[in-house]
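Values in this text are rule-based calculations from the coordinates and carry no lab data. Since this is a predicted model, take the numbers as computed values, not measurements. Ideal geometry is used to build each Cβ from the backbone, glycine not excepted, and the neighbour counts take in all protein chains shown.
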Amino acid sequence: MTHRPATTDLDIHPLIAGRWSTRAYADRPIDHAKVVNILEAARWAPSAFNAQPWRFVVFEKSGDAAAFARAFGTLAPFNQGWNTNAQVLVAVLTDTLNAKGEPNANAAHDAGAAAMALLLQAHAEGLAAHTMSGIDADAFRAEFAIPERFKVLSVISIAYHGDQQTLPAALLEREQGPRARLPLETIAQFGGWQTAG
Ligand SMILES: Cc1cc2nc3c(=O)[nH]c(=O)nc-3n(C[C@H](O)[C@H](O)[C@H](O)COP(=O)(O)O)c2cc1C
């Protein structure tokens, strides 16, 4: 299923409603130029003091299969299971220190914004992209000699949409289930904090 738009309560931009995290990937290479385009979108995310703390370590199966396999090996077993057709892995890192060498309180926030820009651009390019925090961040750090100041936040896998009928039953069920979100009243309050929770 290429399209699984959210049933939103109100009209929002189709790019946002249409992005979703599939686990059914096609074994089809992605042009390097497309990958660079997706990264360019991430580059233009907003950040506190325009510090741009996000860093991406990119692995293309068609470009460097050995490095791709090393990165793949740091995914949690569950994620390895449905990523056999993934073509690109993008590790999302953030610089925990600012230019003065002090902790950057916005480091994860801003890297998250860049990651979302990346996901949306991938969707706009007709690709599927799926964020995973189910990774062995320490193993990734060791494998690729990531300096201490950079925190490994997640890995995003990218591929063309594939045939979801190839998924195991449990994943197929998740794939076809309703896309749920908390009600707007729960996540947004107007004029101040109104609820006890
Ligand atoms: C930070 C983060 C970590 C996630 N980790 C995983 C993961 O390890 N494995 C997985 O299958 N999905 C993972 N997801 C995907 C979420 O389950 C998914 O985004 C959520 O269910 C909402 O579905 P949607 O993206 O299709 O709207 C993660 C998403 C985010 C943002």
query = What is the set of long-range amide H partners of L153 at a cut-off below 5 Å, with H atoms built 1.01 Å from backbone N?
reply = V92, L93, T94
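Can you work out the FRET efficiency for the pair A66 and A124, with r the C-beta to C-beta distance and R0 = 35 Å, to the nearest 0.05?
The computed FRET efficiency comes out at 0.70.
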task = Using packing as a proxy for protection, rank 160-170, 81-91 so that the peptide with the highest average count of other Cβ atoms within 10 Å comes first.
result = 81-91, 160-170
request  = With viscosity set to 1.567 mPa s and temperature to 4 °C, compute the Stokes-Einstein D of the chain, Rh being the Kirkwood radius across alpha carbon pairs; µm²/s, no decimals.
outcome  = 72 µm²/s
remark   = Here, chymotrypsin sites (Phe, Trp or Tyr not before Pro) of the stretch 15-68 satisfying both criteria (DSSP loop; at most 13 other Cβ within 10 Å) are W44
Per-residue [θ]222 nm for the chain (sum of -39500 (n - 2.57) over DSSP H runs n ≥ 4, rounded to 500) = -9500 deg cm²/dmol
